[in-house]
Amino acid sequence: MWLTLDQQQVVRAHLHATQRLFAALDRQMQRDAGFPRSEYEILVRLSEAPEWRLRMSELAAAMFFSLSRLSHAVSRMEHAGHVRREVVTGAGRRTDVILTDQGYATLVAAAPGHVAAVRALLVERLTPAQLDQLHEISLALLANGDGPDEVGDLLAGPA
């Protein structure tokens with residue numbers, strides 16, 4: 001039922017390190033760029049998408065956000081001129097989020113500080129072998145993960 005002492009130590013160390021990394025990256029982004037890291041991540045994902053465009057539902061799933069949470073973030077980003085929404089009709093109505101030229105310029109301006117922080121807080125603290133291990137471990141943790149309800153699904157047991 002309980003985790004072993006070794007398992008507890010691994011889980012706590014992993015969670016603490018991850019939370020500390022995210023908190024530091026959040027502070028850096030807010031301080032240097034004036035917006036949250038989650039909005040930076042939205043800009044990144046849109047910049048990597050064909051035509052700088054993604055469906056709201058796809059973006060929400062990729063970010064592990066509810067549609068409501070993403071909608072609030074996109075509203076702030078629209079107000080700042082970083083993105084725009086477009087309703088697409090046809091084979092089912094959907095809303096796309098599109099990166100604007102201003103949003104791309106904001107991403108380009110914010111990227112050097114973010115990359116420097118990631119290097120200082122993560123990359124340079126690990127050996128190349130440890131980075132490879134972290135990659136493998138991360139892929140294993142992500143394998144077959146379907147989204148934010150995954151834990152509830154796992155705890156519910158087989159269907």
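For residue 26, all conditions in the list (1) of a type in the set (D, E, K, R); (2) closer than 30 Å to residue 121 by Cα; (3) in contact with a Ser or Thr (Cβ under 8 Å, 6 or more places away or on another chain) hold save one; what is the number of the exception?
Residue 26 satisfies all of (1) of a type in the set (D, E, K, R); (2) closer than 30 Å to residue 121 by Cα; (3) in contact with a Ser or Thr (Cβ under 8 Å, 6 or more places away or on another chain) except (3).
Does region 11-23 contain any residue that is under 25 Å from residue 117 (Cα atoms), touching a Gly at 6+ places or on another chain (Cβ under 8 Å) and either surrounded by 15 or more Cβ atoms within 10 Å (Cβ to Cβ) or free of Cβ contacts under 8 Å to residues at least 40 places away in the same chain (or both)?
For region 11-23, residues under 25 Å from residue 117 (Cα atoms), touching a Gly at 6+ places or on another chain (Cβ under 8 Å) and either surrounded by 15 or more Cβ atoms within 10 Å (Cβ to Cβ) or free of Cβ contacts under 8 Å to residues at least 40 places away in the same chain (or both): absent.
Please go through region 65-83 and give me each residue that is in contact with a Gly (Cβ under 9 Å, 6 or more places away or on another chain) and free of Cβ contacts under 8 Å to residues at least 24 places away in the same chain, ordered by number.
The initial filter retains those residues of region 65-83 that are in contact with a Gly (Cβ under 9 Å, 6 or more places away or on another chain), namely 77, 80-83.
The answer is 81, and nothing else.
In region 60-95, what residues are modelled with pLDDT of 95 or more and closer than 14 Å to residue 36 by Cα?
69, 70, 72, 73, 74, 75, 76, 77, 80, 82 - these are the residues of region 60-95 that are modelled with pLDDT of 95 or more and closer than 14 Å to residue 36 by Cα.
Count, please, the residues in region 24-39 that happen to be in contact with a Pro (Cβ under 8 Å, 6 or more places away or on another chain) and either without any contact (Cβ under 8 Å) to a residue 24 or more places away in the chain or not in a helix (DSSP H, G or I) (or both). Please lay out each step first, then the result.
We begin by selecting, within region 24-39, every residue in contact with a Pro (Cβ under 8 Å, 6 or more places away or on another chain); these are 26, 29-30.
Adding the requirement that they be either without any contact (Cβ under 8 Å) to a residue 24 or more places away in the chain or not in a helix (DSSP H, G or I) (or both) leaves 26, 30.
The qualifying residues number 2.
Of all the residues that make up region 1-10, how many are assigned to a helix (DSSP H, G or I) and either in contact with a Cys (Cβ under 9 Å, 6 or more places away or on another chain) or surrounded by 11 or more Cβ atoms within 10 Å (Cβ to Cβ) (or both)?
First, the residues of region 1-10 that are assigned to a helix (DSSP H, G or I): 5-10.
Filter again for either in contact with a Cys (Cβ under 9 Å, 6 or more places away or on another chain) or surrounded by 11 or more Cβ atoms within 10 Å (Cβ to Cβ) (or both), leaving 8-10.
Qualifying residue count, region 1-10: 3.
On the given criteria, is residue 103 at pLDDT below 95, closer than 21 Å to residue 42 by Cα, in contact with a helix residue (DSSP H, G or I) (Cβ under 9 Å, 6 or more places away or on another chain) and surrounded by 10 or more Cβ atoms within 10 Å (Cβ to Cβ)?
When the stated conditions are applied, residue 103 does not pass them.
Restricting attention to region 91-103, does a residue exist that is closer than 24 Å to residue 141 by Cα, part of a helix (DSSP H, G or I) and not polar (S, T, N, Q)? It would help to see each step written out before you state the result.
Taking region 91-103 as the starting set, the residues that turn out to be closer than 24 Å to residue 141 by Cα are none.
No - not one qualifying residue is present in region 91-103.
For region 32-46, name all the residues that are of a type in the set (Phe, Trp, Tyr) and over 14 Å from residue 62 (Cα atoms).
Here is the first cut: in region 32-46, the residues of a type in the set (Phe, Trp, Tyr) are 35, 40.
Hit for region 32-46 is 35, nothing else.
The values are calculated or read from the model by the stated rules, or taken from the named source; none is laboratory data. All figures in this text were calculated on a predicted structure; none of them were measured in a lab. Heads up, the Cβs are rebuilt from the backbone with ideal geometry, glycines too, and the neighbour counts pull from every protein chain shown.
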